[in-house]
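Report on one structure; see the data block that follows.
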Amino acid sequence: MKILRRILLALLAVIVILIAVAYLLPSKVCIERKATIKAPRELVYFHVNYLKSWEKWSHWHKMDTTMKITYSPLTLGKGAFYAWESKNEQLGTGKYIITEAAMYDSICNDMYFMNSPKPTKGGFRFKEIPEGTEIVWWMQSDLGYNPFMRWMGLFFDKMVGKDFEKGLSNLKTLCEGIPPVKVEAVSIPKTIFISIRDTSSMATIGSKMGQIYGELMVFLTKSGAKEIAPPFTIYHSCTATSFDMECGIPVDKVVKPEGRIQNGEMKATNAVVADYYGPYDGTDIGQMAVMRWIKANNKKNTGICWESYITDPMAEKNPDKILTKVYMPIE
């Protein structure tokens with residue numbers, strides 16, 4: 001009995017020492033990994049900011065390709081989130097929310113693991129460098145006063161850091177494998193069109209545009225005019241949360257306006273056009289390619305940009321094959 005008592009006292013002493021030492025360990029753990037990607041910053045930023053792209057590069061998504069993912073109506077930018085459910089014990093259940101998104105500069109997020117009520121903070125930083133883009137992926141975990149978690153914190157960097165490294169490697173492969181956006185100068189002839197001008201938020205722009213084009217097509221059928229070119233959208237102004245846009249369809253003749261449907265005319269002009277292939281949420285990649293071309297060729301922008309939708313999304317189900325032409329008028 002004395003031996004057993006001594007063993008128990010020794011174990012108790014070890015436990016007390018481990019608990020005491022635990023409170024000397026850091027209460028917060030910061031994990032950070034960096035990569036250089038030979039691709040434009042806006043492209044790298046998009047594939048992190050657009051949550052559906054995570055399925056292409058995130059190591060966690062590749063650990064279980066059958067896990068259930070539920071997306072919010074908004075799939076990029078501040079407020080966008082997805083929730084996951086996996087039979088893989090390492091993944092379990094959780095939620096990822098974008099809390100801040102400074103365009104092309106940084107993204108902050110909250111991650112809830114295993115239905116924890118307290119989020120783990122994290123995010124990304126993007127920097128344009130001569131080689132392309134430098135991206136930093138970071139995560140900070142508050143371990144609180146739980147002594148076990150503080151001891152586990154000693155291993156977090158090694159465990160989670162490897163996942164970060166694999167994810168960044170996949171992101172590098174993805175972005176460097178995407179061909180550069182084709183950009184060229186063109187002459188645009190005078191074009192007459194019918195259009196509807198409206199405003200929209202980031203979350204509702206897709207449904208709003210669908211509604212507008214539906215109205216225009218019904219009117220087009222009644223008017224007797226013919227569509228002579230793909231539909232387009234002119235962006236009169238944009239902010240981080242809203243769009244002032246004009247959706248139109250080029251037609252062969254002037255027709256009588258009806259309700260909010262108006263006639264319009266685009267004067268003949270010189271322009272720069274970028275061929276952007278990918279989800280509509282990423283058309284700013286085409287816009288940035290145009291702006292880079294204008295700067296590199298010492299040209300002057302003389303107006304606002306517009307997009308022309310070449311591919312029918314109802315016929316082409318692969319978003320990576322959808323072509324949108326992004327135009328910017330120049331002198």
Qualifying positions in region 229-261 - under 23 Å from the mean Cα position of the chain (by Cα) and among the charged types (D, E, K, R): 244
Write out, first by first residue and then by second, each pair whose Cβ atoms fall under 6 Å of each other, whose residues are 6+ apart or on separate chains, and whose first residue, in region 227-238, is assigned by TED's automatic domain parsing to the domain that holds residue 198 and within 12 Å of residue 216 (Cβ to Cβ) while the second is among the small types (Gly, Ala, Ser) and assigned to a strand (DSSP E or B). 232/248; 232/308
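So is residue 108 modelled with pLDDT of 95 or more, in a helix (DSSP H, G or I) and within 30 Å of residue 38 (Cβ to Cβ) or not? Give the steps one after another, and end with the answer.
On the way: modelled with pLDDT of 95 or more: yes; in a helix (DSSP H, G or I): no; within 30 Å of residue 38 (Cβ to Cβ): yes.
The answer is no for residue 108.
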What residue, among those in region 40-80 that are outside any helix (DSSP H, G or I) and under 19 Å from residue 164 (Cα atoms), is nearest to the chain's Cα centre (by Cα)? 50
Identity of the residue in region 70-89, within 16 Å of residue 115 (Cβ to Cβ) and touching a helix residue (DSSP H, G or I) at 6+ places or on another chain (Cβ under 9 Å), that ends up modelled with the lowest pLDDT: 88
For region 30-39, give me the residue count where each residue is in contact with a helix residue (DSSP H, G or I) (Cβ under 7 Å, 6 or more places away or on another chain) and surrounded by 14 or more Cβ atoms within 10 Å (Cβ to Cβ). 5
Flagged in region 286-331 as assigned to a helix (DSSP H, G or I), within 18 Å of residue 236 (Cα to Cα) and touching a strand residue (DSSP E or B) at 6+ places or on another chain (Cβ under 8 Å), in numbering order, are 286, 287, 290, 291
Tell me, please, whether a residue that is of a type outside the set (Phe, Trp, Tyr), at pLDDT 95 or above and not in a helix (DSSP H, G or I) can be found in region 158-169. no
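The values are calculated or read from the model by the stated rules, or taken from the named source; none is laboratory data. Only a predicted model underlies this, so the values are computations on that prediction, with no experimental measurement involved. Cβ sites come from the backbone with ideal geometry, for glycine too, and all protein chains shown count toward neighbours.
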